[in-house]
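The structure under discussion appears below in the form of structure tokens.
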Amino acid sequence: MSMTDPVGDMLTRIRNGQRVGKSSVVSPASKLRTGVLDVLQREGYIRGYNVNEIRKGVSEITIELKYFEGDAVIKQIDRVSTPGRRVYSKIKDLPKVYNGLGIAVLSTPKGVLSDQEAREQNVGGEILCKVF
């Protein structure tokens, strides 16, 4: 069966993995997923990730989850833009997640960026997810 929302699937794997206390989760690889994971790693929400090639042309990502004093660092991770409803934002209409305590991950013409990086580069785009 084909997957209709790959980024949503990855976010759900992260959410479920942290709820049961796993140290890492595995997800199929793609450029968009690695872009989202780069932002999450830069902002300190995950420890890191590794891309492993299973066989020629097929790769998977091992995502190392992050905990602080036994609690998951990611309290909430929600998909905003879905395949059935794309959500775009101009730079001046960019949302602040929990008054700046969380981040929004955007797909922009300059790559996948956090909301703060998008403000600094003065570029809007598709809001992929919100993380707190």
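The values are calculated or read from the model by the stated rules, or taken from the named source; none is laboratory data. Because the structure is predicted, anything quoted here is derived from the model rather than measured. Backbone-built Cβ (ideal geometry, glycine too); neighbour counts: all protein chains shown. Ligands, DNA and RNA are excluded from the accessible area calculation, which covers all protein heavy atoms including side chains. Shrake-Rupley method; radii C 1.70, N 1.55, O 1.52, S 1.80 Å.
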Aspartates and glutamates with Cα under 20 Å of K75, excluding same-chain neighbours fewer than 8 positions away: D9, D38, E43, E64, D115
Gain on full stretching of the segment that runs from E126 to N52 - 0.36 nm per residue minus C-alpha separation: 23.9 nm
Heavy atoms of D78 accessible to a 1.4 Å probe, total area in Å² rounded to 10: 60
Residue-normalised accessible area of the chain, expressed per residue, 1.4 Å probe, Å²: 58
In the stretch 25-132, the GluC sites (Glu not before Pro) that fall in loop regions by DSSP, at most 13 other Cβ within 10 Å: E69
C-alpha long axis of helix 31-42 to longest principal axis of the chain, angle in °: 80
With every protein chain in place, the chain: carbon and sulfur % of accessible area (1.4 Å): 48
Area of K130 that stays accessible when all protein chains are in place (1.4 Å probe, Å², to 10): 70
For the chain, with +1 on Lys and Arg beta carbons and -1 on Asp and Glu, the positive-most of G125, V26, G44 along the dipole: G125
Shape category assigned to the chain from the gyration tensor of Cα positions, a/c cut at 1.5: oblate
Charge dipole (debye, nearest 20) of the stretch 1-86; +1 at Cβ of Lys and Arg, -1 at Cβ of Asp and Glu: 200
Cα-Cα over 25 Å, subset of K56/K130; K31/K66; K110/K130; K22/K130; K66/K96: K56/K130
Difference of contour (0.36 nm per residue) and Cα-Cα distance, E69 to R15: 17.7 nm
Nearest-ten-degree value, helix 6-19 long axis tilted from longest Cα axis of the chain: 70
